[in-house]
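Everything on this sheet refers to the single structure shown next.
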Amino acid sequence: MDEALLQLSHISMYFPGIKALDDVHLSLRPGEVHALIGENGAGKSTLVKIITGVYKPSSGSILYQGKEINFKSPQEAQQAGIAVIHQETSMFPDLSVAENIFMGHEPRINTFKRLPLKPISWNYMYHRSKELLQSLGMQIDPRSLVKDLSTAERHLVEIAKALSQEARILIMDEPTSAITIRETEELFELVKKLKAQGTAIIFISHKFEEIFEIADSYTVLRDGHFISEGLLKDVTEDELIRMMVGRSIDQLFPKGKTVIGDLVLEARGLSQLGVFNDISFQVHRGEILGFFGLVGAGRSELMRSLVGIDSLDRGEIFMENQKCHFKSPQDSMRRGIVYVPEDRQRQGAILTMSIAENISLPQIDQLSTLGFLNHLKETSLASEYAKKLEVKAAGIEYDVQTLSGGNQQKVVLAKWLASHPTLLILDEPTKGIDVATKSAVHQIISDLAGQGLAVIMVSSELPEIIGMTDRVVVMHEGRISEVLHRSNYSEERIMRAAMGSFKDPGEVE
């Protein structure tokens with residue numbers, strides 16, 4: 001077996017009043033894909049920042065290529081051959097692909113020896129960028145702007161940037177969170193190619209199916225502590241979950257029994273040209289109605305039109321048997337419909353504002369007198385709902401950006417629940433959060449339905465749809481393929497409908 005390319009021993013990291021890491025170990029070999037596993041807040045990000053020179057550990061040692069190292073900056077780590085691809089790509093959208101690939105290490109023309117800063121060799125930059133992209137199977141013009149690329153293409157450009165720096169270690173942090181199934185397959189083929197070339201990869205993902213497909217070995221962290229390491233072929237998913245959370249999650253989808261009540265919303269023939277067509281459904285009090293479909297099915301677009309963000313070309317909406325026309329989200333909110341979008345960081349919360357300010361935002365009018373905000377009422381409201389949803393934070397005065405992804409999602413839920421809605425629309429409510437926090441969010445959703453709230457849940461995770469919903473509307477290319485009751489669920493039947501195996505409308509459950 002090859003000797004370790006990177007060896008972390010007894011790593012601890014202390015911040016004022018917080019022990020982020022305590023005696024953590026990690027070993028990485030050339031040509032190995034190593035899964036770094038743990039809940040949000042387990043210490044994964046802190047460990048990555050130590051590896052890449054953002055933080056200096058409080059104690060412990062790091063051996064890289066057999067020598068003890070102490071990177072003083074991320075630039076030093078990059079120069080040594082360690083690169084990171086973050087969940088949210090950090091690129092310059094208005095610059096070209098080639099400029100992004102060589103940002104910070106641009107090739108220079110050496111003939112101008114007297115100049116303190118030699119001019120960039122643009123021809124070589126474009127030529128070398130094209131070579132790197134082609135080696136990754138990409139036919140992208142190096143002169144094209146990054147802002148014109150898809151999310152998956154941006155990830156691949158970041159990999160090309162790492163290759164341009166001759167990276168020996170590549171850290172991939174949730175690389176598939178915003179790309180399609182097809183793009184994920186292409187990314188994994190690339191990972192296998194890099195692995196065969198001897199590149200060592202640290203792979204961070206909350207998706208166990210990805211971990212078992214692509215990784216060779218693992219390290220589990222919990223609450224900043226090293227828990228276990230080993231080969232993935234020697235462990236099961238249930239065992240990894242127990243290591244992550246310190247207990248067995250017997251009920252990841254705690255769907256309680258509810259009494260399905262009166263009709264809350266009915267949609268008739270909703271259509272948006274080129275996006276979705278002739279969509280009709282009903283949702284009742286106490287019901288969790290799922291919407292499932294593959295990328296391009298039109299689920300999120302349907303929800304945006306339903307609440308007035310986007311316009312409808314045809315169709316009627318009835319809220320509690322009254323015909324409605326929502327010209328804006330404010331109109332739908334006034335009728336008791338709230339929409340929690342998929343992208344909580346850009347659309348669901350204002351990250352630079354406090355927890356209290358985010359939760360109270362939709363209630364500003366009710367919390368104000370003569371135009372002045374009553375801070376006591378704001379604090380009281382925010383405290384009540386932060387406590388109800390068990391938001392883990394040092395205090396509600398802290399910015400939302402300081403929270404883990406799961407707690408950010410809880411803040412977004414708290415914000416809208418504080419408005420006492422009649423219908424709650426959740427678009428990918430557990431995207432990008434760890435398994436234990438998923439269970440907590442699922443419990444919140446189940447409790448809300450049990451209290452009589454009508455819930456629409458849009459999800460790309462089939463186990464979540466099967467585990468949490470009473471009925472599911474399956475969409476394919478903008479149309480309803482099938483509607484199923486919980487008693488008739490099967491993964492094969494739902495997936496077949498999502499892939500376009502339509503049933504006769506008279507057969508709808």
request  = Run ALA454 past the list (1) in contact with a Ser or Thr (Cβ under 7 Å, 6 or more places away or on another chain); (2) open to solvent by less than 20 Å² (accessible area, probe 1.4 Å); (3) within 24 Å of VAL295 (Cα to Cα) and report the number of the one that doesn't hold.
outcome  = (3)
key: Single unsatisfied condition, MET125 versus (1) modelled with pLDDT under 85; (2) open to solvent by less than 30 Å² (accessible area, probe 1.4 Å); (3) part of a helix (DSSP H, G or I); (4) more than 27 Å from ILE37 (Cα to Cα)   = (1)
key: Complete set of residues in the stretch 53-65 that are in contact with a Ser or Thr (Cβ under 9 Å, 6 or more places away or on another chain) and touching a residue at least 24 places away in the same chain (Cβ under 8 Å)   = GLY53, TYR55, PRO57, SER58, SER59, GLY60, SER61, ILE62, LEU63
note = Expected output for the stretch 311-323 (first residue surrounded by 13 or more Cβ atoms within 10 Å (Cβ to Cβ), partner among the β-branched types (Val, Ile, Thr), Cβ below 8 Å, 6+ apart or cross-chain) is GLY315/ILE279; MET319/VAL264; MET319/ILE337; MET319/THR422; GLU320/VAL264; GLU320/THR422
ask   = over 23 Å from LEU240 (Cα atoms), touching a helix residue (DSSP H, G or I) at 6+ places or on another chain (Cβ under 7 Å), modelled with pLDDT of 90 or more and in a strand (DSSP E or B) - does that describe any residue in the stretch 41-63?
value = no
key: Only listed residue being over 19 Å from ARG182 (Cα atoms), of a type outside the set (Lys, Arg) and surrounded by 15 or more Cβ atoms within 10 Å (Cβ to Cβ), chosen from LEU149, LEU145   = LEU145
task = Sort out which residues of the stretch 152-179 are touching a strand residue (DSSP E or B) at 6+ places or on another chain (Cβ under 7 Å), of a type in the set (Val, Ile, Thr) and in a helix (DSSP H, G or I), and write them in order of number.
result = ILE159
task = Those residues that are within 21 Å of HIS375 (Cβ to Cβ) and surrounded by fewer than 21 Cβ atoms within 10 Å (Cβ to Cβ), I need them from the stretch 396-412; list them, please.
result = GLU397, TYR398, ASP399, THR402
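The values are calculated or read from the model by the stated rules, or taken from the named source; none is laboratory data. Here the structure is a predicted model, which is why all the values come from computation and not from measurement. Cβ: placed from backbone, ideal geometry, glycine included. Neighbour counts: every protein chain shown. The accessibility values were calculated without ligands, DNA or RNA, using every heavy atom of the protein model including side chains. Shrake-Rupley method; radii C 1.70, N 1.55, O 1.52, S 1.80 Å.
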